[in-house]
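Asker: So that we are looking at the same thing, I have put the structure below in structure tokens.
The values are calculated or read from the model by the stated rules, or taken from the named source; none is laboratory data. Model, not experiment: these values are computed from the prediction. As a convention, Cβ positions derive from the backbone with ideal geometry for all residues, glycine included, and neighbour counts pool all protein chains shown. Calculation scope for accessible area: heavy atoms of the full protein, side chains included, ligands and nucleic acids excluded. Shrake-Rupley method; radii C 1.70, N 1.55, O 1.52, S 1.80 Å.
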Amino acid sequence: MKTKTDVLSTKNLMVLLLSLSIVMTSCNNDNTLDVECFDDFNYDDTTDEGPASWFNYCTDDGTINECGSTTRQSPIDISGVVNDPTLQSLSTLYANSITEIINNGHTLQFNYNGTGTVNFQGSDYSLQQFHFHANSEHTIEGSHKPLEAHLVHKNDSGHLMVLGIFFEIGAESTFLAQFIDNLPEEINETYLDFDLSYNASGLLPANLSYYHYKGSLTTPPCSEIVEWIVMKNALEMSQTQMDQFSGILHHNFRPVQPLAGRVIGAYDVN
């Protein structure tokens with residue numbers, strides 16, 4: 001015979017299990033319950049919204065959250081590279097843009113208001129925006145660079161191609177010097193200057209040798225839709241410039257993801 005305490009305990013356990021089942025089912029179906037998914041993310045794994053939990057990020061526009069995938073996630077460690085004879089040289093053509101910088105809480109994003117095109121493997125990709133990560137998101141043989149710029153391009157079919165450019169500490173960057181005193185430090189702050197015109201070609205190294213692999217966005221929902229072009233040659237920036245960027249970005253880099261059998265190709269400009 002069960003005592004009253006036993007009955008209550010059993011009943012409570014059944015209610016708890018039923019509640020958990022409902023929550024898990026709701027999350028799997030539509031990601032609408034805050035208990036199981038979250039609307040924002042950060043780079044601190046001591047919090048519930050850190051990279052280790054990005055698979056719980058909510059999506060409400062029909063996009064599938066792929067942050068938990070192990071198929072073709074980014075960033076990766078660049079090692080074991082092979083020369084790929086099918087890769088072609090990059091052809092770039094950028095027009096000037098006005099300056100629009102947004103601190104969106106995750107990065108410093110430069111919206112590109114001029115036309116800018118990169119031809120990769122016969123397809124034209126138009127520059128949408130570029131932003132920065134400190135430290136770098138990609139690593140080379142296990143080592144980070146201080147800063148990495150991502151130039152996000154899209155073609156007419158909606159496919160993405162992102163150019164990744166490393167920065168190392170050295171001489172002052174004349175390109176970054178144009179903006180360094182006007183970087184928005186507060187979240188949702190925007191710096192807009194119609195008179196400050198610049199060209200994104202200033203973010204490209206003189207030698208356009210590159211690594212290539214197929215990967216994903218490096219922020220939720222981590223969609224596996226990106227052709228990644230990571231430049232072999234780094235640009236230089238001063239330590240003072242680096243300090244100004246890192247003081248705002250606060251280590252906004254996703255840890256490297258499994259290569260999962262992918263091949264990292266290389267193209268070298270002769």
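Asker: How would Phe253, Phe41 rank on accessible area, largest to smallest, probe 1.4 Å?
Answerer: Listed by decreasing accessible area, they come as Phe253, Phe41.
Asker: Along the Cα→Cβ direction, 7 angstrom out, place labels at Thr115 and Asn96. What is the inter-label distance in nm?
Answerer: 1.6
Asker: Another one. Full-extension gain between Gln178 and Thr70, please, as 0.36 nm times their residue separation minus the C-alpha to C-alpha distance. All intermediate terms of the calculation are to be shown ahead of the outcome.
Answerer: Working: separation 108, 0.36 × 108 = 38.88 nm, distance 3.95 nm.
Length gained, Gln178 through Thr70: 34.9 nm.
Asker: Taking the 0 to 90 degree range and rounding to the nearest ten, how far is the long axis of helix 4-30 tilted relative to the main principal axis of the chain, both from C-alpha atoms?
Answerer: With both axes taken from Cα atoms, the answer is about 30 degrees.
Asker: Same structure, new question: Just one of [x] 22.1, 86; [y] 17.5, 51; [z] 19.1, 63 is Rg and Dmax of the Cα atoms in Å as worked out from the coordinates here. Which one is it?
Answerer: Checking each listed value against the structure points to [x].
Asker: Ok, one more. With a 1.4 Å probe and all protein chains left in place, how much accessible area per residue does the chain have, in Å²?
Answerer: Numbers: 13850 Å² over 270 residues.
For the chain, the solvent-accessible area averages 51 Å² per residue.
Asker: Of all the accessible heavy-atom surface of the stretch 39-121, with the other protein chains kept in place and a 1.4 Å probe, what percent is carbon and sulfur? Show your work: numbers first, answer last.
Answerer: Details: 1840 of 4130 Å².
Carbon with sulfur: 44 percent of the solvent-accessible area.
Asker: Eight or more residues apart or on different chains, and alpha-carbon atoms under 20 Å: count the Lys pairs in the chain matching that.
Answerer: Values: Lys2/Lys11; Lys145/Lys232; Lys154/Lys214; Lys214/Lys232.
Qualifying lysine pairs in the chain: 4.
Asker: For the chain, what relative contact order do you get, as a whole percent, if you take Cα pairs closer than 8 Å and at least 6 residues apart? Please report the intermediate quantities before stating the final value.
Answerer: Details: 580 pairs, mean separation 64.1, N = 270.
After rounding, I find 24 percent.
Asker: Moving on to the next point. How high is the FRET efficiency from Lys214 to Ser238, r the C-beta distance, R0 35 Å, rounded to 0.05? Each step should come with its number before you reach the end.
Answerer: Numbers: r = 35 Å, r/R0 = 0.99.
For R0 = 35 Å, the calculated efficiency reads 0.50.
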